[in-house]
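Written below as structure tokens is the structure these notes are about.
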Amino acid sequence: SACRAPPTARRPPRARAARERADDAMARYRRAPKKQAPAGQAPSVEVAVAVAVEAEGEGGAAAGGAADSRDARREPPQPLVLENAHFEAYYRKQAICPPEEWDRFLAACRSELPMSFRINCSAFTAEHLLVQLQGLAATAEAAATETAAAPTSAPAVARGDGDDVEAVPTELRWYPRHLAWQLTGVCSWALHRNARHKELKQWLRWLQECGAITRQEAVSMIPPLCLDVQPDHLVLDLCAAPGSKASQILEMLHWRGGQAPPGAIVANEIVSKRAEVLSHQMGRMGSSAYVVTNFDAQFFPALFDEAGQPLLFDRVLADVPCSGDGTMRKYPAVWSTWTPRDALGLHHRQYTILCRGVELLKVGGRLVYSTCSLNPIENEAVVAAVVRRYGASVSLLPFPELEGLRGSPGLPSWVVPHPDVEQEVCWERPEQVPPELRDKILGGCFPAAPGSPEDEVWKQACGYCRRFMPHEADTGGFFVAVLTKNFAPDVLHKVASTRSAGGKPTARVSQEGGEAMRDNDDVDEEGVGGAEAPRDGAADVKGLPAQQGAADVADCGADGPSQKPARQKKKKPLRAFSDFESVPLDGPDWRAAAQFLGIELGGPFRICRRGGRDRRMFCVSEGAARVLLSQARMSVRVMTAGVRILERLHEGRDDGAPSAWRACQEGAPLLLQLGLRRRLDANSAFLRQILSRGEVDRASLLAAADRGDLSGLGNLAVESATAQDGTGARAEEDPGAQLLSGSVVVTLRRGEAIAEPSAGEPVLAFAGLLTPRGLELYTPKGELKAALESLALVEQKNGTLAAAEAVALHRSSDGTDS
């Protein structure tokens, strides 16, 4: 897309400081002697945040428990426990795979998970990186053919240090556009613990830092593909952290056409610290088509536009918190901690999130429900309960065809386990539950009564679900179901409509092992019948009420008033959804900045800023603006949105510039698309000189212009600020003219032609400030280094790595940068 950020998108100061603290904490953690934490004591927050920022996977385990599992990834328990008799007995009863495949299934669960990643097509280096990987894959395939070795798509590798395994890049052919790759034979543990892969680790790290790739488990790339996202769609990701699926959806919005999409994705996360990680992940994309919110997905409010009409979503992704037993290849600690109680404790929360997603979905829209769990209590039971609740208004869609990807259909029936794992008892019907447990087991956990109409509907629809088993495609375990909304359901939004096995108002088993927490059927203005809101074991969000968003239930979510007779409930008045406000294009701030920089707002863009704060301006898509400027019955905390394109200079930094506004680093490519006049175009040699020093004096600028290494100085001359004629033509270039101080953007000239942002291709651009002394870049040193490495990748003559470099990619050498 044309509105893409350069690989050196600058982080906000607070986020950058937090990342530096996290890096320091992780460095101390790695140097310290490894020992087990005392029982019941969680790892430090600094280490948890640092690991979350570098997360390779999805955080499929319940929010808040992710820190423990990720620390387990960093330093696996010694010795590894890869057996659990209760796990094997339970899933044998559930019959999640044929008996003849059971041994293969267990062997795959005990093996290491190959590392996988996506190429971000928005990155400047994407095209060159793809050529590199294809060259390496072809070289490895040819070598394997000559030596009669196994093909690159080798079976899973047993756990170990990976001393005898080469890192072979293999394309995931079911993913479109050749953008998904897997390093067969190398897992995250081998990458971090084996010195042999030192250069490969460095290579992957700087690629991720500069936004060229996103490390993501292969099977977790499937749910966004099932959404069939179009550029004009408004998409809601209810449980988005750490952000790999949300960033994947954001890229898909840009897939069709070279211009910026008019649609947007709203990425939501309940835990504030994880929402900060999510904001950083989305900000790397440099897109104007996203909004990050911090809210409980169960109560995400119904939105209304300026005319008071419901604002619904074309696509909804409900990748809900789950027990995460499908991730045991990546987090082997799951083997020793697994119990069926986890699924029983999470079922109700998953159900309410999926219900909320249905209510916020447009008629004819598509909703994808997914978990990284194998348990039917969290999968088929949740989907079947929602289908029973909404009847004909909701139906399952056939699973889309993904070439070469094998998955198993959903189960037509299943059993519900006893909360106590030692009992090893399962029930087929709620009537079989002992009286003392009937208030603790949800009726929605059970399948419909055999022979009932609901049972017949489910038997026909369950085949549309997909369970991806670890042994089928050398991936982790995952479950995906695709639903559509046929018409607005005549159902009053109630957080808990599922009855217990005893027919009483629902109660659920606490995941922490405490007393059951009741959830009443009726929802009043203050929350769930005055009871404590459901929890999934995650940390509470400070500053947010426990039952937020439930006040708009009288509106039947966003589908309009319910026709079902109900008691009259007082509605809360509509208020602003967020603290963002529109910036008037005829206002003094925008007019002054646009006139000085020579930009003209066009296309699907809107300019916004936070209310009461006028130092920054954000460029957002039309879809994102509709969300930010909408109304709801309660406000939502918006973490960030779109691209920060302009920022007011601090007092004393204007150096006589006629405008107090400067271009922001992450917004530089977008400003180029808007026709930015104050730009300099440098060849790779002179750009490397600027990046290496971070600044250059005026004499060097004039000398580079004389040599032909730099063009565009005429755009900064005093005459160009006022002499742009009525046709919009640029001023004549005059390197000797007096240069006007102020904001400027430096771009890379491609060959003899200057890169035109209107072509829709990624642009390498850097925001800076021209002062009487010279040119200064607004880019941190670490990001300048990443930019230099990106430039080196592009400068390679043949676009592929030489054979020696290919070997060095996954063999340790002298420790130099890859």
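For the reader, a short list of remarks on this structure follows.
- Residue 382 touching a residue at least 24 places away in the same chain (Cβ under 8 Å), open to solvent by less than 20 Å² (accessible area, probe 1.4 Å) and under 20 Å from residue 468 (Cα atoms): yes
- Qualifying positions in segment 580-601 - assigned to a loop (DSSP other than H, G, I, E, B), buried (at least 16 other Cβ atoms within 10 Å of the Cβ) and not small (Gly, Ala, Ser): 583, 599
- Filtered residue count, segment 257-310, keeping only those that are over 22 Å from residue 668 (Cβ atoms), of a type in the set (A, V, I, L, M, F, W, C) and within 19 Å of the chain's Cα centre (by Cα): 11
- Hits in segment 423-436 - residues which are surrounded by fewer than 19 Cβ atoms within 10 Å (Cβ to Cβ), touching a residue at least 40 places away in the same chain (Cβ under 8 Å) and within 39 Å of the chain's Cα centre (by Cα): 424, 426
- Summed over segment 349-390, the residues that are under 24 Å from the mean Cα position of the chain (by Cα), in a helix (DSSP H, G or I) and closer than 23 Å to residue 417 by Cβ give a count of 8.
- The residues in segment 439-490 that are open to solvent by 30 Å² or more (accessible area, probe 1.4 Å) and in a loop (DSSP other than H, G, I, E, B) can be counted, and the count is 9.
Conditions tested, residue by residue: (1) assigned to a loop (DSSP other than H, G, I, E, B); (2) at pLDDT 85 or above; (3) surrounded by 20 or more Cβ atoms within 10 Å (Cβ to Cβ).
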site: 83; (1), (2), (3): yes, yes, no
site: 103; (1), (2), (3): no, yes, no
site: 139; (1), (2), (3): no, no, no
site: 155; (1), (2), (3): yes, no, no
site: 162; (1), (2), (3): yes, no, yes
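- Residue satisfying condition, being touching a helix residue (DSSP H, G or I) at 6+ places or on another chain (Cβ under 9 Å), hydroxyl-bearing (Ser, Thr, Tyr) and either modelled with pLDDT under 90 or farther than 18 Å from residue 776 by Cα (or both), within set 635, 630, 659: 659
- Annotation note: Cβ proximity below 9 Å between a residue of segment 309-321 that is of a type in the set (Val, Ile, Thr) and a residue that is part of a loop (DSSP other than H, G, I, E, B) (sequence gap 6+ or interchain) occurs for 316/227; 316/238; 316/360; 320/238; 320/239; 320/378; 320/536.
- The conditions of being of a type in the set (Lys, Arg), closer than 30 Å to residue 240 by Cα and crowded, with 19+ Cβ neighbours inside 10 Å are not met by residue 662.
- Tally, over segment 403-414, of residues that are closer than 26 Å to residue 486 by Cα and open to solvent by 30 Å² or more (accessible area, probe 1.4 Å): 3
- Total residues in segment 579-620, condition within 15 Å of residue 288 (Cα to Cα) and modelled with pLDDT under 90: 4
- Cβ-Cβ under 7 Å pairs, at least 6 apart or on other chains, segment 439-468 side over 22 Å from residue 373 (Cα atoms), far side among the β-branched types (Val, Ile, Thr) and assigned to a helix (DSSP H, G or I): 457/387
- Within segment 325-348, considering residues that are among the hydroxyl-bearing types (Ser, Thr, Tyr) and assigned to a helix (DSSP H, G or I), the one surrounded by the fewest Cβ atoms within 10 Å (Cβ to Cβ): 336
- Screening residue 181 with (1) modelled with pLDDT under 90; (2) crowded, with 21+ Cβ neighbours inside 10 Å; (3) closer than 20 Å to residue 140 by Cα gives one miss only, at (1).
- For residue 404, the conditions (1) on the phi < 0 side of the Ramachandran plot; (2) in a loop (DSSP other than H, G, I, E, B) all hold with the exception of (1).
- Cβ-Cβ distances below 6 Å connect the following pairs, each with a first residue in segment 120-145 that is of a type in the set (Phe, Trp, Tyr), a second residue that is open to solvent by less than 30 Å² (accessible area, probe 1.4 Å) and modelled with pLDDT of 75 or more, and a separation of six or more residues or different chains: 124/764.
The values are calculated or read from the model by the stated rules, or taken from the named source; none is laboratory data. Since the model is a prediction, treat every value here as computed from it, not as a measurement. Every residue, glycine among them, receives a Cβ derived from its backbone with ideal geometry; neighbour counts consider all protein chains shown. In case anyone asks, the SASA skips ligands and DNA or RNA and just uses the protein heavy atoms, side chains included. Shrake-Rupley method; radii C 1.70, N 1.55, O 1.52, S 1.80 Å.
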